Structures are given as C-alpha cells and as structure tokens.
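Notes to accompany the following structure.
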Amino acid sequence: MNDAVRPGTGWPGDPATAQTPVAGTAADVRSLASNAVTLDEVAARVSVCRACPRLVAWREQVAHERRRAFADQTYWGRPVPSFGDPDPRILVLGLAPAAHGANRTGRMFTGDRSGDWLYAALYRAGLANQPSSVAADDGLTLRGVRISAPVHCAPPANKPTPTERDACHPWLERELRLLWPRVRVVVVLGAFGWSTLWPSLASAGVPVPSRRPPFAHGAEVEVDGRTVLGCYHVSQQNTFTGRLTEPMLDAVLDRAAAVAGLSG
Ligand code: SF4
C-alpha cells in the first residue's frame, strides 16, 4: 500500500536521494539529526524518516486512498521538510502537515485552505513572491522566511501523540541550532507549536525563560535577543469561525517583518 514518492525520482524539490539515510526509530532520529551538517541534509533526512509507525502508516494510507478531488494526482506521502529561505530572519512554526495538503504536495502549507491563508498573508507582508501555493513547482519563493513544524508527518485528526512529538523533536532542535545565529523572529502558529518551541530551544542551547510563557494570539516574548510571536493557527477551524481574521494575521506578520528588518 506504499504509494509514497520514492526519493530521487524527480519530484520537484525532493531533497533526498536513494542514498539518504533513513531513521527507523526515535534513537535513529536523534543520531541522524545530531550529525546533519547543513539544513539541506536535515531536510533530506527528515523527508525519508520512518520513526513513527502510526504516522508512517497513516501518511501512506492517505497517499494510497487519496481524496476524490485529487484522485488523479500522485501524493507525496512522506514527511514534509521545512520550506523557504535557507538563511531566514523569520522562522514560522506550525503544527504538522495536512493529510491532503502538504502530505499530497510535499511542501509545507501547500495545497490547502490553511496554506491559502498563510501564503496570501506573507505576500501581503512582502515576504512571498506570490499569494498562492498549489504545488511544489508553482514558483513560490519566500523572502527571509522559513516555515517548519514540530511534527513533519501528517497525523490522523491533526493530532500527533506525545511520543510522536518527542520522536520528531531532534529534527527541530537541529534546525534551530543551524538557524539561530541569523533568526530574529519566531512566529508560532497555535498552542501546539508554542508548547514544543520552548523545550526545543532549550535543548538547542538557547536560554529560555524558567517559566514557560502562556500562549496567546499576539503574545510577544523576548528570548536571547530574538522575538517570539504567538498567532492563532491558520487552520480552517480558526479562519472559518472568525477566530483568526486576515487583519489579525496581517498584524502579526507585519510586526514580525518590522522586528526582522524586512518591512517594505
Ligand atoms: Fe520521523 Fe517526525 Fe515523521 Fe515521526 S513525525 S516519522 S520523527 S519525520
């Protein structure tokens, strides 16, 4: 039932090859993350990871069954690596790929309503070259922004278990270590990303507050000379209900751009 894209078979943006080492356990993730030297190496290793049996089964089942609207498409069906500027001043941290969005297209927040919201807002803020994001080869580029997630595989019901969250943690920690010298702002979309950021920063060697700041939309916390901003997640649950509006999202991204020196 594994209809996932095989590494090195020409999928646009596929960072892996047939030789990329595959993590099969949480211990493998710790080892392969800790000795990944570059962001490209992290992305390649993330994209072939098989450490969480439930998520591997789910992402591949979804890729096999597909949604009716996408029945003629090939699904990525693998972990989705981070996307965007390799030398970012702004890091955006979400939750996990969506089953028929990034798990289908292979690129963060691409091909679903959440991505429509996020990329349109990044475009309005002058941080993306186009407002839409439909496929990995659609020409989208980000200016000074990189998008990551604490869990890189699509989880059933968008709910990773604590074990899965912890298994994926070393990928984020490694990415934070590599990015931190340049990053000025972290925009965290939702409470899940917020709660995972702090231990990830701490294990990446960043001095964090002894008491974890509570998540709130518009929260702003200074950490190690950087600014962490809280924002409601761009999920349909929030955008359809009006809990998160375009002006609310724009205000957070405008603030991030201003702090990062990327306004205008
Ligand atoms: Fe690997 Fe993370 Fe996916 Fe688990 S969630 S299989 S650790 S990439």
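Observations on the model:
- Complete set of residues in the stretch 56-89 that are near the ligand (Cβ under 9 Å from one of its atoms) and over 18 Å from Phe109 (Cβ atoms): Val56
- Residue satisfying all of: in the stretch 174-223; assigned to a helix (DSSP H, G or I) and in contact with a Ser or Thr (Cβ under 8 Å, 6 or more places away or on another chain); surrounded by the most Cβ atoms within 10 Å (Cβ to Cβ) among these: Arg174
- Residue within the stretch 149-159 that is within 22 Å of Asp40 (Cα to Cα), away from the ligand (no atom under 12 Å from the Cβ), of a type in the set (A, V, I, L, M) and surrounded by fewer than 24 Cβ atoms within 10 Å (Cβ to Cβ) present: no
- Just one residue in the set Ala69, Ala63 is within 21 Å of Tyr119 (Cβ to Cβ), outside any loop (DSSP other than H, G, I, E, B) and modelled with pLDDT under 95; that residue is Ala69.
- All of Ala96, Ala167, Ala121 fail the test of being out of contact with any strand residue (DSSP E or B) (no Cβ under 9 Å at 6 or more places or on another chain), under 23 Å from Ala219 (Cα atoms) and of a type in the set (A, V, I, L, M, F, W, C), apart from Ala96.
- Test: residue in the stretch 7-14 that is more than 14 Å from the ligand (Cβ to nearest atom), farther than 25 Å from Arg146 by Cβ and of a type outside the set (A, V, I, L, M, F, W, C): yes
- Taken as a whole, the condition of being modelled with pLDDT under 95, away from the ligand (no atom under 12 Å from the Cβ), surrounded by fewer than 19 Cβ atoms within 10 Å (Cβ to Cβ) and more than 21 Å from Arg165 (Cα to Cα) applies to Asp3.
- Scanning the stretch 22-62 for residues that are under 18 Å from Lys159 (Cα atoms) and of a type outside the set (S, T, N, Q) yields Arg50, Ala51, Cys52, Pro53, Arg54, Leu55, Val56, Ala57, Trp58, Arg59, Glu60, Val62.
The values are calculated or read from the model by the stated rules, or taken from the named source; none is laboratory data. Keep in mind that this is a model prediction, so the values were computed, not measured. For neighbour counting, all protein chains shown are included, and Cβ atoms are generated from backbone atoms with ideal geometry for every residue, glycine included.
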